[in-house]
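Novice: Quick one: the structure is below, and I'll ask about it shortly.
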Amino acid sequence: MLEEISCPSNERRRHLINSLAQFKLFIKKDFISPIEITENFCKRFRQFLLDKYTGETPDYYYLRFKWAVSAAKSDGYFQKNPSEKVNSKSNPSKLN
């Protein structure tokens, strides 16, 4: 599923590639079955990104993930988009 994703702009491609790298770190494996991707899973992945990054980065990475899940739904991997109700968030930069 994830290997077939392509994206037109360089910045979007960079965010997609980095989002996929973070996704693989989160799941700790190279493959995940669509049945494992639930709304709760999406919330945990979003929190993983928020815990790791500040600024707009978690927002951008999660939006790329949502885009991939939406494309997978269109291709028939999901009956319902599990990320639909889980909105992306930015994480305010921490000042020292």
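Just so it is clear, none of the values below were taken in a lab; they were calculated from the coordinates. A quick note: this is a predicted structure, and the numbers were derived from the prediction, not measured. Using ideal geometry, Cβ is built from the backbone for each residue, glycine included, and neighbour counts are taken over all protein chains shown.
Novice: Do any of 28/80; 66/89; 43/80; 52/89; 52/85 go past 18 Å between their Cα atoms, and which? Please report the intermediate quantities before stating the final value.
Specialist: On the way: 28/80 25 Å; 66/89 12 Å; 43/80 16 Å; 52/89 13 Å; 52/85 22 Å.
In this structure, 28/80; 52/85 exceed 18 Å between Cα atoms.
Novice: Can you check what the net charge comes to around residue 84, using other residues whose Cβ is under 11 Å from the Cβ of residue 84 (Lys, Arg +1; Asp, Glu -1)? Before the final figure, lay out the partial values.
Specialist: On the way: positive: 66, 73, 80, 85; negative: 39.
Value of the local net charge: +3.
Novice: Length gain on complete extension for the stretch residue 28 to residue 51, per 0.36 nm per residue less the alpha carbon to alpha carbon distance? Walk me through the numbers on the way to the answer.
Specialist: Values: separation 23, 0.36 × 23 = 8.28 nm, distance 1.67 nm.
Additional length available on full extension: 6.6 nm.
Novice: Where does the longest stretch of the chain lie that holds no trypsin sites (Lys or Arg not before Pro) found in a DSSP loop with 16 or fewer other Cβ atoms within 10 Å?
Specialist: 30-79
Novice: Show me the chymotrypsin sites (Phe, Trp or Tyr not before Pro) within region 28-95 that DSSP assigns to loop and that have at most 11 other Cβ atoms within 10 Å of their Cβ.
Specialist: 31
Novice: How tilted is helix 10-27 with respect to the longest principal axis of the chain? Cα atoms for both, answer in degrees (0 to 90, nearest 10).
Specialist: 80
Novice: Would you mind checking which residues have amide H under 5 Å from residue 78's amide H? H placed 1.01 Å from N; only 5 or more apart, or other chain.
Specialist: The answer is 73.
Novice: OK, next. Only Cα pairs under 8 Å and at least 6 apart count here; give the relative contact order of the chain as a rounded whole percent.
Specialist: Value for the chain: 34 percent.
Novice: Could you work out how far helix 39-52 tilts from the main Cα principal axis of the chain, as a 0 to 90 degree angle to the nearest 10?
Specialist: Rounded to the nearest ten degrees, it is 30.
Novice: Now for a different question. Compute the Cα gyration tensor for region 9-96, then decide on rounded, prolate or oblate, letting a ≥ b ≥ c be the square roots of its eigenvalues: rounded whenever a/c is under 1.5, prolate when a/b is larger than b/c in the other cases, and oblate in all that remain.
Specialist: Details: a/c = 1.75, a/b = 1.57, b/c = 1.11.
Because a/c hits 1.5 or more and a/b exceeds b/c, region 9-96 counts as prolate.
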